[in-house]
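Colleague: The structure's right below; bear with me while I get my questions together.
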Amino acid sequence: MHTKDTIMTNLATFRVHIAPLGFEIDRIVLPLKQTKADKLWILAHDNRSEDLSAPYLEKIKKECKKLDVEVKVAYSDRLSLFKAIKSIKDIISQEENNYIYVNVASGSKIQAIACMMACMVLKECDNLQPFYAEPERYAAFEGKQQSFGIKDTIALPTYEIQTPQPKLLAALKIVADQSDQKITKKEMAQIAEDQKIITINAEQENHSQARFASLDKNIIAPLEKEWKFIEVEKIGRNRWIKITQEGKDAAEFLI
């Protein structure tokens with residue numbers, strides 16, 4: 001494989017591939033051979049009774065055994081973009097000390113997008129390389145392996161996706177973890193202070209007012225105005241912080 005990180009791959013002691021499971025064998029197995037991979041993570045559909053690609057997993061395992069490549073399997077809904085991103089991020093976190101190739105060519109379009117987005121979210125990782133495996137030819141009939149051989153492997157550039165600061169993600173998690181995904185501003189302020197998400201520098205008699213001011217400025221305002229992850233609604237005497245759909249989607253793969 002010709003990539004901008006060829007020097008890095010030569011120095012790496014352990015090489016890991018991540019590939020969604022689809023109706024492909026060569027586009028997963030041949031890049032392993034090219035890069036002298038040590039481990040393959042397969043991302044499979046979590047509903048195994050509905051997974052028509054399951055037979056290909058056994059064929060891939062047999063080929064990997066010949067190459068002395070360890071195979072691990074992670075499961076997530078292949079139709080959920082955010083669940084797939086989360087699964088790929090979790091794998092990358094486990095393999096953070098190794099060189100990681102992410103194959104965007106072997107699964108569904110949703111999984112391919114998830115692979116690229118995971119790499120973009122983790123742009124700071126300098127041991128991460130997404131790639132596209134171009135086949136030599138495609139199958140003539142449906143229901144067969146979709147492609148055969150590898151014509152070329154193309155390294156893909158990764159552009160950074162901005163993500164919220166850790167303290168904002170920690171605050172979003174507080175809301176997301178509530179049973180109905182909403183919390184009063186008073187409760188939120190107390191928990192945020194206890195978890196040191198906000199800091200209060202005020203005399204005791206002004207403490208409550210200062211805590212609300214810090215929460216508004218440093219947490220609520222950016223999550224509501226900049227990220228659109230929460231909304232604030234006044235019900236009776238209380239102000240409720242509620243997670244939005246954008247916040248729910250972000251929480252699925254960022255938290």
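Colleague: Specify the inter-centroid distance of segment 191-255 and segment 41-75, based on alpha-carbon positions, in whole Å.
Modeller: Cα centroid to Cα centroid, the span is 43 Å.
Colleague: Something else: Applying the Karplus parametrisation 6.51 cos²θ - 1.76 cosθ + 1.60 with θ = phi - 60° to the phi angles of segment 43-59, what ³J(HN,Hα) value in whole Hz is obtained for each residue in order, glycine and proline being reported as x?
Modeller: 9, 10, 5, 6, 8, 5, 6, 9, 7, 6, 8, 3, x, 6, 5, 5, 5
Colleague: Using a Debye calculation, one point per C-alpha and no hydration shell, please list log10 I(q)/I(0) for segment 166-254 at q = 0.14, 0.25, 0.26 Å⁻¹ in order.
Modeller: Debye intensities relative to I(0), on a log10 scale: -0.45, -1.34, -1.42.
FYI, it's all coordinate maths here, none of it is from the lab. Remember, predicted model here, so these are calculated numbers, not experimental data.
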